[in-house]
Every structure is written in structure tokens, then in C-alpha cells.
Amino acid sequence: MEEYYKRIFDKELSLKLKAFGAVLIEGPKWCGKTTTAKQQVKSYIEMQDPEKKNEYSQTAKILPSLLLIGDKPRLIDEWQMSPSLWDAVRVSVDYIGKPGLYILTGSDSVNNENILHSGTGRIDRSIMYPMSLFESRESNGAVSLLSLFNDKTILDNNGCISNLSITDLIFATCRGGWPAAVMLKNKEASLSIAKSYLNSVCKGYVSTVDKKTRDELLTKMLLRSYARNISTFASNEKVLNRLHIPPLIPLLEKWIPHRWKIGLSFFLETNNW
């Protein structure tokens, strides 16, 4: 089993489990939501298990509460495959009346027609992001952004030095913080994870958000233009007008983590994407 790299989100999740009956972990695909959740649960069920998903699906339709049986906290991974589980979790939280019962992970593409209640007050929504350089153990953590705001005296200390060269920072920015990429020792292989992610967004995910089919090539063209205009004054409207593409940017931003956008342009250009 691979070593688990501690995440900043670990503490937030632990706190939320003390306050709410259930926690929904949202965020980009592949950012480590399931792996992080498994560190704090006592049982779990994976709805996408190819050998059991049909059985789970039928159970969720007939008596979803059966899938909630297990030691708590219990993780329900890819819960959106059976949206009725949302209300089952909400009802269970109300009935048991204790915090820290369930963690839900999965895609943002959910059929809300089968959800009766928002879950407010029972199910907390928390966002998890890909790894920061500190989480990937590339930053030495000598400077804390929180401390910069809370401790004015820290500005007097100019002795903090990064262990990373400019080349290292460029590579890390283009690679992104996906755990699968961070764990690889081969740099070319790490960059291929980022390329695969982008291709997956353009080929399929961009059409699953609102169930509307979109052209893969046009999506790639938009991403290239969008990346070129990061950190400029160009508005989304101008980017779209130049390409004559429907409003895809709000949808793409669901899949492209904001911490990775800075390296997106360089990555696309250097990889002939």
C-alpha cells in the first residue's frame, strides 16, 4: 500500500465530522477525495464496484437504508450513482441524531430529480483541492500564508529560502497537484497524468455537468485561449467571442482547479496539446 501524504483537508474533515451528521466532499476529479475520506472512516461502500454496482443500484431503489449499515463513520463513494442515497443519509442523520455518521464522495454530475431535500443542517458540503506544494512535500513550509496575515513580525524575517529551483516550480505548476502524478518519480509520466486529465475533461466530463453534448475540439480550442488569457484583463466574454464558442467557461471551471490554471498555458504549449 502506498504511503498516505497528509492533506490540509484532513483537519477540516475531522472538524466537520464533529459538527455534522454527514459530510459531502466536493472537488475536482482525481484530487484524492476518496483516499482522504478512507483515513477517517470505519467502513465504506464503493457504488462503482463493477461486481456489485447492479446489486447496490437495485438495493438503493428498493431500500437504500440497507446500504448505510456499517460501522460509523461510513463512506459512500460515488453516491451520485444512486441519488436516493442522499435522502436516505439525511433521514438516518435525523433518526440517529449524532454527528460523524457518513462521508459522501463522488462526481458533481448528480440527477437532482430524485433528491427531495437539500440536506441543510445535516449534510455539510466541503471542497477539497489537489495537493499544494507543501502537501506534495516539495515546499519546505518555511513561510505560512496564514502567518503572513496574522503575524506582522514575520515580515521582518527574510531568511526563508525555498528548496525548489525555478525549473522545479515550473514543472510542479504544469504537473498539477493530483496525487497520482505527485507519486510518480518519472517527470514525463507525471505530466502525462495532467494531459490525460485535460483530455478526459474535453472528451466527456464537460458534457456530463448539464447533460449537453459538446464538441471535444472546440473545448480544447477554448481551453487554449482561456489559458493564454490567465492573469490578463481579458474577460470571459472576449475569450468566447473570439472563438465563437457557447459559454463553456463556467462548466470547465468545475474541472480545472484554480491552483493549476497558472501552469495551464505553459503546459498546453510545451506538450503540443
Answer with yes or no whether THR153 is assigned to a helix (DSSP H, G or I), surrounded by fewer than 13 Cβ atoms within 10 Å (Cβ to Cβ), free of Cβ contacts under 8 Å to residues at least 12 places away in the same chain and not assigned by TED's automatic domain parsing to the domain that holds VAL93. yes
Test result for ASN199, at pLDDT below 80 and either touching a strand residue (DSSP E or B) at 6+ places or on another chain (Cβ under 6 Å) or closer than 24 Å to THR173 by Cβ (or both): no
In the list GLN58, GLN48, which residue meets the criterion of being out of contact with any helix residue (DSSP H, G or I) (no Cβ under 8 Å at 6 or more places or on another chain), under 21 Å from SER107 (Cβ atoms) and polar (S, T, N, Q)? GLN58
Given (1) more than 17 Å from the chain's Cα centre (by Cα); (2) more than 30 Å from TYR102 (Cβ to Cβ); (3) crowded, with 18+ Cβ neighbours inside 10 Å, identify the lone condition not met by LEU133. (1)
Which numbered condition CYS31 fails, given (1) at pLDDT 95 or above; (2) in a loop (DSSP other than H, G, I, E, B): (1)
When every residue in region 106-130 that is among the charged types (D, E, K, R) and modelled with pLDDT under 80 is compared, the one surrounded by the fewest Cβ atoms within 10 Å (Cβ to Cβ) is GLU113
Just give me the residues in region 212-228 being touching a residue at least 24 places away in the same chain (Cβ under 8 Å) and of a type outside the set (Ser, Thr, Tyr), in sequence order. ARG214, LEU218, LYS220, MET221, LEU222, LEU223, ARG224, ALA227, ARG228
Which pairs do you get when a residue that is over 16 Å from TYR4 (Cβ atoms), found in region 123-135, comes within reach of a residue that is at pLDDT 95 or above and assigned to a loop (DSSP other than H, G, I, E, B), reach meaning Cβ atoms under 6 angstrom, with the pair 6+ apart or on two chains? ASP124/PHE20
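Is it fair to say THR36 is touching a residue at least 24 places away in the same chain (Cβ under 8 Å) and hydroxyl-bearing (Ser, Thr, Tyr)? Lay out the reasoning, then the answer.
Working: touching a residue at least 24 places away in the same chain (Cβ under 8 Å): yes; hydroxyl-bearing (Ser, Thr, Tyr): yes.
Criteria met by THR36.
The values are calculated or read from the model by the stated rules, or taken from the named source; none is laboratory data. Every value quoted in this text rests on a predicted model; they were computed, and no experiment measured them. Counting neighbours? That spans all protein chains shown, and the Cβs are built from the backbone with ideal geometry, glycine included.
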